[in-house]
Structures are given as C-alpha cells and as structure tokens.
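The values are calculated or read from the model by the stated rules, or taken from the named source; none is laboratory data. Note that this is a predicted model, so its numbers are computed, not measured. Cβ sites come from the backbone with ideal geometry, for glycine too, and all protein chains shown count toward neighbours.
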Amino acid sequence: MLGRFLRACPVFLWAAGHVLPVQAELPVEQITVAQLPPASPYRLYFTDLALPHLPDGRLYVIDGRTLKLEGVLSTGSFAQTTLAPDRSEIYAVTTYFSKLNRGERHEEIDVFDAATLKLKAEIPYPARHVQALPSVATMRTSADGRFILIQNATPATSVSIVDRRLEKMVAEVPTPGCFGVYPAKSVNRFATLCGDGTMLTVTYDKDGNPIGKKKSARFFDPDDDALFTPGAQAGDVYHFLSFKGNWQSVNIAQEAAVAEPFWPMVTPKDAKQGWRPGGTQPLALHVDSGIAYVTMHPKGAEGSHKNPAHEIWVFDVAGKTRLSRVKAHDISGLAVTQGSTPRLFAFAIERPAITVFEGGSRLKKVLSGSVPGDTPTLLETQ
C-alpha cells in the first residue's frame, strides 16, 4: 500500500517520522492591469450606491453591445456622478470617513480619465453634497464642460458651482425649498424645481459667479400631482413626468423659466387601469427624433411612483401621442444613446440586469443579461 502511494507521489521529505510532500515552486505571478478598449457608441456608465456596503460605492463601465464589464471605479459613500459633455472625464462627488463608516467626514470631487479610468484630480469640496440615490438631477456640468454643478442638502438645499479648470468651488447658491440641477445649453444658467410648484433659475457669469435669480410662475401642483426630478434635456428645454402620468415641458433659456401646458400620456381607459410612470430614472429622450421612452406600471396609487415598470411606452413628443408599448419586467430606469442608430437600455435594480432594445417608434429587443452591482440607480450612455 505504502509503496503504491510513494510511486504516485515520488517527492517526499522524512521528518520526525512523518512523510511530508515537497511542493514544487510556483512561478511568480505577474499582476497586470488591462487596457480599457476604445469606447463604442454604446458604452454605459452604471452608478451603484451599494446599499449593502455603503462606504464602497462603485461605477461600472459596461460595453452596451455585449453587456460585458469593461472596468470599475471606486466611488466611496453616497457618490453622485456625471460625465463631461465630450465623455472625456468622469466626475464623482463623494464622502470618505476617517473610520470607514464613521468619524471625520471628508468630501471631494474625484476626476477620472474616461479613456483609462485613472484618477486625474481630487478637488476639495465642503461636506454638504446630497446623501441620496445617484440621479441625473443631482450632479451635472455646464454645456461647455467648464463648471460642475452639484446639489447639496444639509438638509438646507443649495447648488455649488465648481470650476473644473481651476479645480475649486467658486460659488454656493442657496435654493431653499428647491431640488435638482438642470443646466441650460445656450447660456450660463441652471434651474431647479421648487416645492411650491415653480422653478428657480440662476444665472452666473463667465467665472461662475451668480448674477441673478428668478422664479417662474407656478405651473404644477406638488400636492396633487408632483413631478419626477429626473428630467430629459433637449437644448434649453427640459421634459418632466408627473406622478399621475402627465408630460410637462419647461424652457429655461430666459431669466425665468417658462412652462408649456402639460398634456396627458394616459388615455381615459389607461387611467381607469391605474397606469402611471414609476422608477428611479423613468424617462429617456432621443433628441433628434423627438421620441421618448417611459417606464409605466398599472394599478398606480399614492407612493407607487417608485414602482418598477410592467411596460415601456414610446411617445412622439411633438405630436403628443403614444406610438407603441412593450412589456417589461421590473424595469426601474432607462437611458438611450443619441445618433442615427439609437439603442435603449432598460435596467433593473433588485437583481441588476439590463435589457437592450433597438430604438425607434417600435422597440425591438436585442439582448438582455445580468450586470454587476447591488443597487445601481443611475445609468448614463456614451
């Protein structure tokens, strides 16, 4: 018996009456970092608050053609993220605590090179950025990319204007009772939605210093039919959804925002079935075609605005009409690429997954699959 064993394992050491096997020396492992491939028009940036382990938030870079993971960024606690207009940089305003999840609070804006995912800069920031689910309405850039605009809540609300070129905060604008950051395209200006049913517009000069604030006329009733803060931008116009399924467009090109009359997305029959928008990112707009995509669920009621979708509805914004609808399962958010061949990306949160559709008036499913993450709530496209 022992002889057969020794023949099977011929290399041994005899020590203190025991037989010890001699392990062959393993080669030294060479650790390398893969080069990020060039971005395709369908690259995705998926921000995950990571609720089960909050100090360790992530941003996942995903190839939207295959849903293959291409890279990961660590984004700390309660990070809000956005991209440079030309997609050359990724910004994350985040919190770090001296004892991981407690202790002294330190905040900064981390600037990453989108081509390599390497850290380029750390811009100091006061401890006040909003501690909330990542959203398209909490951190944006000016149209030219020079300024980063950040929603704060201490809980008093304000918006900070950060100069990317000088790497410093140049102004903090108090916005009491208002929330969300909506930069204009044609002028140095941003707007924010207010709890009294108006919109506050802030104009700033070429150096980021505020030079004017003005409120709009009241155009919605937040008690009866509130608006989702994630909006879709087309130039100086922002489009919003209401909890009950109305479409609201607001132009912020002037010193005070001007709202257009709202129009219903649901028919009387739809309303009887309780169809309403829902989710964390319920609206996506393909700007050139004017086609919008909305996550919808039936049996809507007070508080159901967070419910994931049962269907995705497709709308012609100019014609104020629904073009088509497609079944969806547990979809909480949408993002669409721009350009001549758009693709719509619909994501689920509880079991992170993405379904990809060919864009247009009638959606055609291309692929679907699970993606990394715990609780991702913000999806942006290349």
### Task
For residue 98, state whether it is surrounded by fewer than 18 Cβ atoms within 10 Å (Cβ to Cβ), of a type in the set (Gly, Ala, Ser) and over 18 Å from residue 174 (Cβ atoms).
yes
### Task
Considering every residue within the range 73-96, establish whether at least one is at pLDDT 95 or above, among the hydrophobic types (A, V, I, L, M, F, W, C), within 28 Å of residue 358 (Cα to Cα) and part of a loop (DSSP other than H, G, I, E, B).
yes
### Query
Being part of a loop (DSSP other than H, G, I, E, B), at pLDDT 95 or above and either over 26 Å from residue 110 (Cβ atoms) or of a type in the set (Val, Ile, Thr) (or both), is that true of even one residue in the range 207-217?
yes
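Yes/no matrix, rows are residues, columns are (1) among the aromatic types (Phe, Trp, Tyr); (2) part of a loop (DSSP other than H, G, I, E, B); (3) over 14 Å from residue 241 (Cα atoms):
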{"residue": "284", "(1), (2), (3)": "no, no, no"}
{"residue": "296", "(1), (2), (3)": "no, no, no"}
{"residue": "326", "(1), (2), (3)": "no, no, yes"}
{"residue": "329", "(1), (2), (3)": "no, no, yes"}
{"residue": "345", "(1), (2), (3)": "yes, no, yes"}
{"residue": "355", "(1), (2), (3)": "no, no, yes"}
#### Entry: Unique residue being among the hydrophobic types (A, V, I, L, M, F, W, C), surrounded by 15 or more Cβ atoms within 10 Å (Cβ to Cβ) and modelled with pLDDT of 95 or more when the list is 127, 143
143
### Message
Restricting to the range 358-382, name every residue that is farther than 18 Å from residue 66 by Cβ, in a strand (DSSP E or B) and of a type in the set (Val, Ile, Thr).
### Response
377
### Message
For the list (1) without any contact (Cβ under 8 Å) to a residue 40 or more places away in the chain; (2) under 23 Å from residue 317 (Cα atoms); (3) of a type in the set (Asp, Glu), I need the number of the one condition that residue 224 fails.
### Response
(2)
### Message
Every residue in the range 259-288 that is among the aliphatic types (A, V, I, L, M) and under 22 Å from residue 136 (Cβ atoms), please.
### Response
259, 265, 283, 284, 285, 287
### Query
If you take the residues in the range 200-245 that are surrounded by fewer than 13 Cβ atoms within 10 Å (Cβ to Cβ) and among the hydrophobic types (A, V, I, L, M, F, W, C), which one is farthest from residue 190 (Cα to Cα)?
217
## Note on the structure
Considering residues that are among the aliphatic types (A, V, I, L, M) and within 14 Å of residue 78 (Cβ to Cβ), the number found within the range 93-124 is 3
### Query
Looking at the range 305-324, is at least one residue free of Cβ contacts under 8 Å to residues at least 40 places away in the same chain, under 25 Å from residue 62 (Cα atoms) and among the β-branched types (Val, Ile, Thr)?
no
### Message
Against the condition assigned to a loop (DSSP other than H, G, I, E, B) and either out of contact with any Cys (no Cβ under 6 Å at 6 or more places or on another chain) or basic (Lys, Arg) (or both), how does residue 279 come out, does it pass?
### Response
yes
